[in-house]
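The values are calculated or read from the model by the stated rules, or taken from the named source; none is laboratory data. Worth saying up front: this structure is predicted, and the values here are computed from it rather than measured. Here the Cβ positions follow ideal geometry from the backbone for every residue, glycine too, while neighbour counts run over all protein chains shown.
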Amino acid sequence: MHQLTELLRQDGKIWVVVAVMGIVLLGWLVYLVGIGHRVSKIKRRAYR
């Protein structure tokens, strides 16, 4: 595993991996916030 990490660092590809992971995490965050917004909207309609 250490050799793979070193290879990625040497080629500069580690930043591609970091960027992809960041995009995925950001996508999950946006998705979860959207779900939370929808749930709160449904709750407000249900309690009227």
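Pairing residues of segment 14-37 that are closer than 23 Å to MET1 by Cβ with residues that are aliphatic (A, V, I, L, M) and surrounded by 10 or more Cβ atoms within 10 Å (Cβ to Cβ), at Cβ distances under 6 Å and at least 6 apart in sequence or on separate chains, gives ILE14/LEU8.
If you go through segment 7-25 and keep only what is of a type outside the set (Val, Ile, Thr) and exposed (fewer than 11 other Cβ atoms within 10 Å of the Cβ), you end up with GLN10, ASP11, GLY12, ALA19, MET21, GLY22, LEU25. Annotation note: of ARG48, ARG44, the sole residue that is assigned to a loop (DSSP other than H, G, I, E, B) and either loosely packed, with under 10 Cβ neighbours inside 10 Å or modelled with pLDDT of 95 or more (or both) is ARG48.
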